[in-house]
There are 2 protein chains.
Amino acid sequence: MPLPKTTLQLRSLIRRDGELELSLVDEALPQPAANEVVVRVEAAPMNPSDLGLLFGAADMRTAKAGGTPDRPVVTATVPEIALKSMAARLDQSMPVGNEGAGVVVAAGGSPEAQALMGKTVAVLGGAMYTQYRCIAVAQCMALPEGATAADGASSFVNPLTALGMVETMRREGHKALVHTAAASNLGQMLNRICMQDGIGLVNIVRKKEQEDLLRGIGAKYVCNATSPTFMEDLTEALVATGATLAFDAIGGGKLAGQILTCMEAALNKTATEYSRYGSATHKQVYIYGGLDRGPTEFTRGFGMTWGMGGWLLFPFLQKIGPEGAQKLKERVAKELKTTFASRYTKEVSMVEALRLDEIAVYSKHATGEKYLLNPSK
Amino acid sequence: MPLPKTTLQLRSLIRRDGELELSLVDEALPQPAANEVVVRVEAAPMNPSDLGLLFGAADMRTAKAGGTPDRPVVTATVPEIALKSMAARLDQSMPVGNEGAGVVVAAGGSPEAQALMGKTVAVLGGAMYTQYRCIAVAQCMALPEGATAADGASSFVNPLTALGMVETMRREGHKALVHTAAASNLGQMLNRICMQDGIGLVNIVRKKEQEDLLRGIGAKYVCNATSPTFMEDLTEALVATGATLAFDAIGGGKLAGQILTCMEAALNKTATEYSRYGSATHKQVYIYGGLDRGPTEFTRGFGMTWGMGGWLLFPFLQKIGPEGAQKLKERVAKELKTTFASRYTKEVSMVEALRLDEIAVYSKHATGEKYLLNPSK
């Protein structure tokens, strides 16, 4: 079958006047160079990080449908106050989709490229919300025999982020972890990793169903942030695990500070003398997501030995270098259908992904409401 | 003159029922061991860190005077909500005073101790709000010829903190600094160090007089946080200096977050392409004081490559080791009456320091309102 000349691609554009436009465009599909392959993309997850780029700072309650049935266009308004933070992307049509998986339908001349011909591969490459993607062999990972594109669609972002958290814990000298928004796909993966590796993990959730879900997969420490005894529960779990490092997907509100406060309280339970500057053990919260876009607020009642900061997968991978990253990727490939299995509520085509009723569902980032995009559907 | 058997010492006690008590007690004065000396303390600064231990979380507006003219006692109430953070010091009578200076009036048998006999020395030892202090030679620094105890009283905390900020900047790969509460004694020292060493320093103050004071001593970048153009002014100064590290003495409120926001804006002024995660340059704010005890609040509009955290002199000195610390101390001794000169509004005795009208003044931490305690007065 000859390679098509163009590929249909999902784009996000924020205009200087504050209008977000989502649309499908025809993009030229190049012939693969020697070390490249062309992948027919059959599955790409809609992760929070993808939705961040897709919707930008637009208020999706203002979304309007337009265009034609084949080429739908969605528009929405970016509040003026938020437009400033979008300055660097204004008037640029952005391709979307960090990762995905599909079948190699064309390959360049190199033996490495040829070896992938016909194989189902996972790709970390950006611009994956597209029918076909021409990409370097180095950005592909051949899936194990029997794995489908859907099985491999989320091979990178969530698995490497979860492994990256555990690796960060080891490198920075902590012995256990706290994770918020813990019932997410990523959170469930992290539970499976920690159980396998014998690492203490304190899960923070906001709903009874999420507590039940995590306990159901074997989580030992689950604290509900809406419980009146949350601070006591969390402190107890921190004493039990010795966790002094947290990864927070929420960002806004008081949670990050509450975690530091409880860590300090847990450390002071075993303190033998007064230190006016608090415990000398370093307590760290990394904010890696922004499910709550509101301001972060904390009362510094946790001594002077603490840190808060941003954490991102890509700088972390750079820090550990190609060899370190390769080790993590090998573990993902080996445990793709067990530890690193993802679950999706629904598979949608690119046209369906631009329906207002679907956007209303998947834009909420609700636990267990993750969509899988199939650009070849 | 024979050594007295006891020394009058200033003490701070917080009782379990929430009452703070400041008083003067007679403490046994030991004979110096071989490597110790006895210093008659003639000058000790009342630094914010000392006041933190002295008053704890008490509300000094509730202070009441008691005791006798010779042995005054001050009591005040610790609000119940703050009592929890004092748990580890409850019912313990705490000596106060990180540093000070005075004359060596007795010395142990070692040559090092004997060499200090009659000399004026600066001491970093804790419990310096006392008439006499028996202390290891290693914690003393002989002052240069002609320097008085008042000249040397602040030889450690402020000078080493200011030098520690510059050293932290170098070790963590930043090229310029931001400092808040910049008109303080410490802030003025930092200006003199940065001018000498050719380091860019952005000073943040809150009052016109403080701006004038700093410009008067040669500061190039001074931003007033109460000005309507503060964010623009700060961003401009950050572009000019390239500062990506800040030391914040305030702690509470929005300032720490505003600094990160302006750092990101400054970095993005030279950015050539859109990064949805913001600039990849690490931006750091260290909170080293708590002049505003209220909550810290920030809106995360500064990308993902940032950190906020506590910073303290003593862990820093441990990190750089005895040799590193020695180098800094040598510089302090050499430039004691120039770079590291401190100014005080008033000298008070220990009895005077417990007068309510004096407490009302020095407890405010106001710029240019620093007291010097003279326990021998």
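The values are calculated or read from the model by the stated rules, or taken from the named source; none is laboratory data. Predicted model, so just to flag it, every value in this text is computed and none were measured. Note that we place each Cβ from the backbone using ideal geometry, even for glycine, and neighbour counts take in every protein chain shown. Note: areas computed on protein heavy atoms with side chains; ligands, DNA, RNA excluded. Shrake-Rupley method; radii C 1.70, N 1.55, O 1.52, S 1.80 Å.
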State, to one decimal in nm, how far the label point of A:ALA341 lies from the label point of A:ALA136, with both points 7 Å from Cα in the Cβ direction.
-> 3.4
The range B:268-316: Kirkwood hydrodynamic radius (Cα pairs, Å) comes out at 13.2
Heavy-atom accessible area of chain A with neighbours in place, 1.4 angstrom probe: carbon+sulfur share in percent works out to 52
Do any of A:LYS329/A:LYS377; B:LYS5/B:LYS337; B:LYS119/B:LYS334; A:LYS254/B:LYS254; A:LYS119/A:LYS337 go past 26 Å between their Cα atoms, and which?
-> A:LYS329/A:LYS377; B:LYS5/B:LYS337
Run through the other copies and list how far each one's label point is from that of A:ASP17, in nm with one decimal, shortest first; the point sits 7 Å from Cα along Cα-Cβ.
-> 7.2
homo-copy label distances at A:ALA142 (7 angstrom along Cα-Cβ), nm, one dp, ascending, are 7.7
Taking placed amide H atoms and a strict 5 Å upper bound, the residues 5 or more places from A:ALA43 or on another chain that come that close are A:ALA101
Compute the label-point distances linking B:GLY66 to its equivalents in the other copies; points lie 7 Å from Cα along Cα→Cβ; give nm, one decimal, shortest first.
-> 7.6
A:SER376 to A:ARG170: FRET efficiency via 1/(1 + (r/R0)^6), r the Cβ-Cβ distance, R0 51 Å, to the nearest 0.05?
-> 0.80
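When the dipole is taken about the Cα centre of the protein assembly as shown, and only Lys, Arg (+1) and Asp, Glu (-1) are charged at their Cβ, what size is it in debye, to the nearest 20?
260
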Could you work out how far the C-alpha centroid of the range B:127-164 sits from that of the range B:202-245, in angstrom?
-> 32
A:ALA115 versus A:PHE314, label points 7 Å from Cα toward the beta carbon: distance in nm?
-> 2.7
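Compute the accessible area per residue over the protein assembly as shown, keeping the other protein chains in place, probe 1.4 Å, unit Å². Before the final figure, lay out the partial values.
Working: 32440 Å² over 754 residues.
Accessible area per residue, the protein assembly as shown: 43 Å².
Per the helix-only calculation at 222 nm, which mean residue ellipticity applies to chain A, given -39500 (n - 2.57) for every DSSP H run of n ≥ 4 and division by its residues, nearest 500 deg cm²/dmol?
Only helices count here, giving -9000 deg cm²/dmol.
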Averaged over B:292-299, number of beta-carbon atoms from partner chains that fall within 10 Å = 5
What is the packing order of peptides A:62-68, A:269-275, A:281-287, taking the mean over residues of other C-beta atoms within 10 Å and listing the highest first?
-> A:281-287, A:62-68, A:269-275
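Given C-alpha coordinates of chain B, what is the ratio Rg to Rh with the Kirkwood estimate of Rh? Provide the component values of the computation, followed by the final result.
Details: Rg = 22.0 Å, Rh = 22.1 Å.
We get a ratio of 1.00 for chain B.
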Answer in debye to the nearest 20: the dipole magnitude of the range A:1-51 about its Cα centre, from +1 Lys/Arg and -1 Asp/Glu charges placed on Cβ, is 100
For the range A:150-242 the translational diffusion coefficient, Stokes-Einstein from a Kirkwood Rh over Cα pairs at 10 °C and viscosity 1.306 mPa s, in µm²/s, is roughly 117
Chain A: angle of helix A:255-268 to the longest principal axis, Cα-based, in degrees nearest 10 = 40
Would you mind giving the mean number of other chain beta-carbons within 10 Å of the Cβ of each residue in B:273-279, as a whole number?
-> 5
Obtain the nm distance between the two label points defined at A:GLU19 and B:THR6 by a simple spin-label model: each point lies 7 Å from its Cα along the Cα-to-C-beta direction.
-> 8.6
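Using a 10 Å cut-off around each Cβ of peptide B:310-321, what is the average number of partner chain Cβ atoms that fall inside?
Numbers: counts 13, 3, 6, 2, 3, 5, 0, 0, 1, 0, 0, 0.
Counting other chains' Cβ atoms within 10 Å and averaging over B:310-321 gives 3.
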